[in-house]
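Have a look at the structure below before the remarks.
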Amino acid sequence: MSEQNPLLQLENIKVAKKYQNLEIYASTLFPGLIYQIQGPNGSGKSTLLDVFAHEQTIDKGVIYYEGKSGAKKQYSARIVKKLICYIRQEGQKYKKTPLATLLHAVKARKLSSALAYRTVMGLLEDFGLQDIANRKTKHLSSGTRRKIGLLRVFLQDARLIIIDDPGFESLDDYFVKKYVSTLKKSVKQDNRTLVLAAAQSLARYRLIDITLSLNKGHITRVEKTYQRKPNTRRKK
């Protein structure tokens with residue numbers, strides 16, 4: 001990790017919110033790594049994700065993107081936002097069909113209409129969702145809508161992927177296992193950065209490299225879970 005240049009850095013960030021202020025002394029996101037922001041409800045997870053995504057105005061501090069300072073306007077937040085795939089906790093808001101929703105997600109890649117269609121349908125087939133491609137999203141279950149939203153990460157050409165509560169516990173095992181495997185492969189092979197937020201640990205999915213524990217707007221612990229070795233000793 002030390003040989004990599006950071007994708008995103010926060011220094012002395014302060015955000016004043018009505019219910020929970022956010023104060024981050026320092027936080028760094030590296031390419032090729034998967035982070036979990038863990039903390040109870042109201043701890044500031046969603047606000048921190050909004051800061052990462054450049055969707056939250058900060059009251060104090062500096063955000064660096066690839067070493068360039070946002071405070072000094074050395075990079076364009078508007079351009080950076082196009083390199084971020086942000087899946088919010090509230091889930092899928094589109095009223096279109098899953099096919100139309102995912103075609104919209106792939107639009108920025110400027111594929112031909114035929115190739116975009118084949119790409120999206122191929123993704124739906126891989127996850128066993130081809131039968132609902134043309135159903136109205138409002139007629140789908142909340143779990144299925146969540147699946148469609150999560151699939152966007154494989155279609156957008158994003159350097160940074162942010163998922164606010166993936167909700168794996170409410171989805172079927174087949175989808176979760178395939179999604180986690182495919183997502184991890186995408187991050188590692190394409191050197192992307194992935195940040196997930198959840199109240200509970202996601203370690204059991206063997207997906208997380210680094211966990212940041214957040215409480216009352218402060219990062220209280222950083223755990224490098226990818227360095228943890230399995231316990232192979234037998235109990236006496």
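Against the test of being modelled with pLDDT of 95 or more, in a helix (DSSP H, G or I) and at negative phi, the options Gly143, Gly122 yield a single qualifying residue, Gly122. Scanning the range 149-168 for residues that are in a helix (DSSP H, G or I), over 11 Å from the mean Cα position of the chain (by Cα) and either within 22 Å of Ala133 (Cβ to Cβ) or without any contact (Cβ under 8 Å) to a residue 12 or more places away in the chain (or both) yields Gly149, Leu151, Phe154.
Tyr117 satisfies every condition listed in (1) of a type outside the set (Gly, Ala, Ser); (2) under 21 Å from Leu196 (Cβ atoms); (3) not in a loop (DSSP other than H, G, I, E, B) except (2). Within the range 13-30, residues that are closer than 17 Å to Ser69 by Cβ have Cβ atoms under 6 Å from residues that are surrounded by fewer than 14 Cβ atoms within 10 Å (Cβ to Cβ) and not aromatic (Phe, Trp, Tyr) in these pairs: Lys14/Asp59; Lys14/Lys60, counting only partners at least 6 apart in sequence or on another chain.
Table: residues versus (1) basic (Lys, Arg); (2) not in a helix (DSSP H, G or I).
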residue: Ser181; (1), (2): no, no
residue: Lys185; (1), (2): yes, no
residue: Lys188; (1), (2): yes, no
residue: Val195; (1), (2): no, yes
residue: Gln200; (1), (2): no, yes
residue: Leu212; (1), (2): no, yes
residue: Val222; (1), (2): no, yes
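When Ala26 is tested against the conditions (1) touching a strand residue (DSSP E or B) at 6+ places or on another chain (Cβ under 7 Å); (2) surrounded by fewer than 13 Cβ atoms within 10 Å (Cβ to Cβ); (3) among the small types (Gly, Ala, Ser); (4) under 30 Å from Lys147 (Cα atoms), the lone failure is (4). Residue check: Lys68 meets all listed conditions (1) on the phi > 0 side of the Ramachandran plot; (2) in contact with a Phe, Trp or Tyr (Cβ under 6 Å, 6 or more places away or on another chain) but one, namely (1). From the list Gly44, Gly61, pick out the single residue that is touching a residue at least 24 places away in the same chain (Cβ under 8 Å) and more than 22 Å from Asp164 (Cα to Cα). On inspection, the qualifying residue turns out to be Gly61. Listed by position, the strands (runs of 3 or more DSSP E) enclosed by the range 29-98 that each have at least 1 residues that are surrounded by fewer than 17 Cβ atoms within 10 Å (Cβ to Cβ) are 60-65.
Would it be correct to say that Ile132 is more than 30 Å from Pro31 (Cβ to Cβ), touching a helix residue (DSSP H, G or I) at 6+ places or on another chain (Cβ under 9 Å) and touching a residue at least 24 places away in the same chain (Cβ under 8 Å)? So Ile132 passes the test. Just so you know, in the range 209-236 the residues that are of a type in the set (Lys, Arg) and within 22 Å of Gly44 (Cβ to Cβ) include one that is modelled with the lowest pLDDT, and it is Lys224. Restricting Tyr86, Tyr75 to residues that are closer than 21 Å to Gly217 by Cβ and modelled with pLDDT of 90 or more narrows the list to Tyr86. In the range 105-118, which residue that is surrounded by fewer than 15 Cβ atoms within 10 Å (Cβ to Cβ) and within 27 Å of Asp50 (Cβ to Cβ) is modelled with the lowest pLDDT? Filtering the range 105-118 for residues that are surrounded by fewer than 15 Cβ atoms within 10 Å (Cβ to Cβ) and within 27 Å of Asp50 (Cβ to Cβ), the one modelled with the lowest pLDDT comes out as Ala108.
Would the range 119-136 turn up any residue that is within 30 Å of Gln56 (Cα to Cα), out of contact with any Gly (no Cβ under 9 Å at 6 or more places or on another chain) and either surrounded by 13 or more Cβ atoms within 10 Å (Cβ to Cβ) or not polar (S, T, N, Q) (or both)? Scanning the range 119-136, I find no residue that is within 30 Å of Gln56 (Cα to Cα), out of contact with any Gly (no Cβ under 9 Å at 6 or more places or on another chain) and either surrounded by 13 or more Cβ atoms within 10 Å (Cβ to Cβ) or not polar (S, T, N, Q) (or both), so the answer is no.
The values are calculated or read from the model by the stated rules, or taken from the named source; none is laboratory data. Predicted model only: the values in this text are computed from it and were never measured. We place every Cβ from the backbone using ideal geometry, glycine too, and count neighbours over all the protein chains shown.
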